[in-house]
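> Pasting in a structure now, in structure tokens, and then I'll have a few things to ask.
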Amino acid sequence: MWLWTSIAELLLEEDPDYFKAFWTSPGYVGHDSPEHVTKDLIDVRRPVSRVLTAKDLLGKSGFQGTGIRRGARDRRPHGCHEQ
């Protein structure tokens, strides 16, 4: 999910019809094999209760111990580990 969301804006710029075509045009997984992706579909609206900045995540706002760390070596997405 992280990888896909990191390029979603680029997809929209390069192919403005991508998101509609994904579900409606042959050649896209959403059209050809929707059973592989419908369980991952998120289509809900929720109120925003708080906006978080990078400073919030790295500072003293209660996010210590969540796996978010400082330093060049630790810039992998949360959950990624060296092998």
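Every number in this text was worked out from the coordinates using simple rules, so none of it is lab data. Just so it is clear, the model here is predicted, and its values are computed rather than measured. Every residue, glycine among them, receives a Cβ derived from its backbone with ideal geometry; neighbour counts consider all protein chains shown.
> Applying the Karplus parametrisation 6.51 cos²θ - 1.76 cosθ + 1.60 with θ = phi - 60° to the phi angles of the stretch 45-56, what ³J(HN,Hα) value in whole Hz is obtained for each residue in order, glycine and proline being reported as x?
Values per residue, Gly and Pro as x: 10, 9, x, 7, 9, 6, 9, 9, 9, 4, 4, 4 Hz.
> Counting other Cβ atoms within 10 Å, keep those with at most 11, restrict to DSSP loop, and tell me which trypsin sites (Lys or Arg not before Pro) in the stretch 2-52 are left.
Working: sites: Lys20, Lys39, Arg45, Arg50; in loops: Arg45, Arg50.
When the trypsin sites (Lys or Arg not before Pro) of the stretch 2-52 are filtered for loop state and at most 11 Cβ neighbours within 10 Å, Arg45, Arg50 remain.
> Arranged by the count of other C-beta atoms within 10 angstrom, fewest first, what order do Asp56, Asp40 take? Can you show the working numbers first?
Numbers: Asp56 13, Asp40 8.
Ordered from fewest to most neighbouring Cβ atoms within 10 Å, Asp56, Asp40 come out as Asp40, Asp56.
> Kindly write out, for the stretch 9-21 in residue order, the coupling ³J(HN,Hα) from the Karplus curve 6.51 cos²θ - 1.76 cosθ + 1.60 (θ = phi - 60°), rounded to whole Hz, with x marking Gly and Pro.
The phi angles translate into 5, 5, 4, 5, 5, 7, 9, x, 8, 3, 5, 6, 5 Hz.
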